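Structure first, commentary second.
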Amino acid sequence: MAEHIHKCLTDLHYTIAKLCPLCNTTTVLPRPPKFSLQDKYAALRREEKKKELKEKKLY
Ligand SMILES: [Zn+2]
C-alpha cells in the first residue's frame with residue numbers, strides 16, 4: 001500500500017517524508033489523530049502556533 005501522506009503545518013506542503021523538504025519542520029498526518037488524553041500533537045501544535053505568532057510579531 002501507499003505510504004502515509006504527511007503534511008507540513010508551516011507551508012501546507014504534502015510529502016511522504018517526516019520532515020518537510022521545503023522548511024525542514026516535522027510533518028504530520030493531515031487526518032485528525034485518534035483521541036488521546038496524552039495528546040501527542042499538542043506540543044507540536046503549540047510550537048507551530050508560537051512560531052506563527054512570532055513571525056507576525058504578536059508573541
Ligand atoms: Zn514546510
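Laboratory data are not the source of any read-out in this text; all were calculated from the coordinates shown. Being a predicted model, the structure only gives us computed values, none of them experimental. As a convention, Cβ positions derive from the backbone with ideal geometry for all residues, glycine included, and neighbour counts pool all protein chains shown.
Each Lys and Arg Cβ is given +1 and each Asp and Glu Cβ -1; about its Cα centre, segment 6-55 then shows a dipole of about 180 debye. Applying 1/(1 + (r/R0)^6) with r as the Cβ-Cβ distance of L19 and L58 and R0 = 30 angstrom yields a FRET efficiency of 0.70.
Rounded to whole numbers, the Karplus 3J(HN,Hα) couplings from phi for segment 44-59 are 5, 4, 4, 4, 5, 5, 4, 4, 4, 5, 5, 4, 8, 6, 9, 9 Hz, using 6.51 cos²θ - 1.76 cosθ + 1.60 with θ = phi - 60°, and x at Gly and Pro.
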